[in-house]
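The values are calculated or read from the model by the stated rules, or taken from the named source; none is laboratory data. Source: prediction; values computed, not measured. Every residue, glycine among them, receives a Cβ derived from its backbone with ideal geometry; neighbour counts consider all protein chains shown.
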Amino acid sequence: MAYFGIGLVPASWLVFAIRYSGRGWRITHRVLALLSIEPVATLLLAWTNPWHRLFRLSVPVTPTWEPGPAFWVHAAYSYALVLAGTVLVTQRALKGPRLGRGHAAVLLVAALAPWSANAIYLSGLSPFGSLDLTPFGFGLTSLAVAWGLFHELEQRLVAAERRFRALIDHAIDAFEVIDPETGRLLDVNERACAARGYTRDEYLALSKPEIDPRVAERSWEKTRDEVRRLGTYVFESEHRRKDGSLFPVEVNATYIRLERDYVLAVVRDITETKRLEEQLRQSQKMEAVGRLAGGVAHDFNNIFGIVIGYGDIVLRRLGNDDVLRPKMEQILKAAERAAALTRQLLAFGRKQVLQPRILDLNVVVSEMEDMLRRLIGEDVVLVTTLGPGLGSVEADQGQLQQVILNLAVNARDAMPDGGQLRIETRNVDVDEECAARFPLMKPGRYVMLAMTDTGVGMDADTRTRIFEPFFTTRELGKGTGLGLSSVYGIVQQSGGSIYVDSNVGVGTSFSLYLPRVAAAPP
């Protein structure tokens, strides 16, 4: 049995050395079976030696016993495997990382044990007399193999943990591992810490209800029971940052049963999604209101056309000194004002008849500069930044001038104590990623006209309603609430888009995007 063990140890050493060196060679069951043939044959020959004397020539073993041919084959086989494994481990020791080199050096010392023990025995220098120390040397090698395998598995486990940590720390979503019994956070990734402003230690000192106010409202136990019942529970909620601010999230919670139970929560920040949904709802609302306003304005426009037409006829039949003439003139003025309002509603509802032609926005703005300066007054500084090589657009020049005038008037009213109005034009290429941030905008080539003031700005509620018909922040009697709604309609009817960015106390910026055309203006 000793020889059988001595034969298996070199084979185990070679298999371990192949795996340890990282050669990538496949150790199949067939290879293991081939490596086991010689040890099994040695065992059989040792057992049956009294009949054939192939393994040793004298029985029993004495200090002067002579090895047979089978013994030399077994020795050559064993030391050849040990030598091959030693070469592979040596290569790992020379080329591997520093930690791997120290580990490989220990293994090499163990690999030399059978050679050293056999050399001591054959030289007659053994302190144990006739006792052959070679089996003990191979035993030491087998211990080294066992230690090496354990150390290798430990290193692989550490590497796998580092790889897993690197993967989840670079994920775009936050990962939270939660104790289902207490709701305490057991582990989080770097994304979760960065998004909420905590360090990892600060985050792990919290519980799920402290991060999620809505979970606190319904209690952690109810949330946990729901996750346990469904297995995976997806819901929208809010998370609290370190500074106390809240932001919307989508939570995908999964109940996991391992050596103990866990709840894994994958949390995605949906602030941008909510913003786009709100923009889409606002666009759909504006579309519906525009259709209604356009239809009503069209009918009223026809009615006022009749009123004004017949009013002119009556007025021409009245003498200059007729007492009814002033009253008829007031009727006609009121009808004209009402007709002007209906034209603005038609513009908002995109029902107005346009006369588009190829235009250069730089030329349009330049021609209006003097008029704009008189319109906004001396306290407001007008600055124009006209982009070079600006592309052409196709629009109604009169309506486009009306858009610029309306925006300039709004900017003036937002700066009662003076300020600056900047008008900028430039070419803009909108890709799919950028277009996804703005509902109703398609990827393509545009010319942008931006008008930015340094006025009082608007809050979020005002921004969402700014283009609605009859909505105004001015005092009663100082505005119809149709100026920006007509701007919106004209831009939309011209195939473009308009977006507003505003902050209270900072100012407001309106950005118009009109499709760029290849033709040059006349």
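All of Arg445, Arg426, Arg412 fail the test of being under 18 Å from Val487 (Cα atoms), in contact with a strand residue (DSSP E or B) (Cβ under 7 Å, 6 or more places away or on another chain) and assigned by TED's automatic domain parsing to the domain that holds Asn503, apart from Arg412. The listed residues are Glu394, Glu369, and the only one of them that is assigned by TED's automatic domain parsing to the domain that holds Gly419, modelled with pLDDT of 80 or more and more than 44 Å from the chain's Cα centre (by Cα) turns out to be Glu369.
Being on the phi < 0 side of the Ramachandran plot and either at pLDDT below 75 or not in a helix (DSSP H, G or I) (or both) is the filter here; which residues of segment 19-34 pass it?
Arg19, Tyr20, Ser21, Arg23, Trp25, Arg26, Ile27, Thr28, His29, Val31, Leu32
Applying the set (1) more than 37 Å from the chain's Cα centre (by Cα); (2) without any contact (Cβ under 8 Å) to a residue 40 or more places away in the chain to Gly389 leaves exactly one unmet item: (1). Quick check: anything in segment 280-289 small (Gly, Ala, Ser) and either touching a helix residue (DSSP H, G or I) at 6+ places or on another chain (Cβ under 9 Å) or modelled with pLDDT of 80 or more (or both)? Checked segment 280-289: no residue is small (Gly, Ala, Ser) and either touching a helix residue (DSSP H, G or I) at 6+ places or on another chain (Cβ under 9 Å) or modelled with pLDDT of 80 or more (or both). Highlighted here are the strands (runs of 3 or more DSSP E) found entirely within segment 376-455 that include at least 1 residues which are under 13 Å from Leu512 (Cα atoms): 392-395, 419-430, 444-453. Among residues of segment 36-51 that are acidic (Asp, Glu), those with a Cβ under 6 angstrom from a residue that is in a helix (DSSP H, G or I), sequence gap 6+ or separate chain, pair up as Glu38/Gly7; Glu38/Tyr77. Residues satisfying the criterion are present in segment 221-234 (criterion: in contact with a helix residue (DSSP H, G or I) (Cβ under 8 Å, 6 or more places away or on another chain), closer than 20 Å to Asp173 by Cα and at pLDDT 85 or above).
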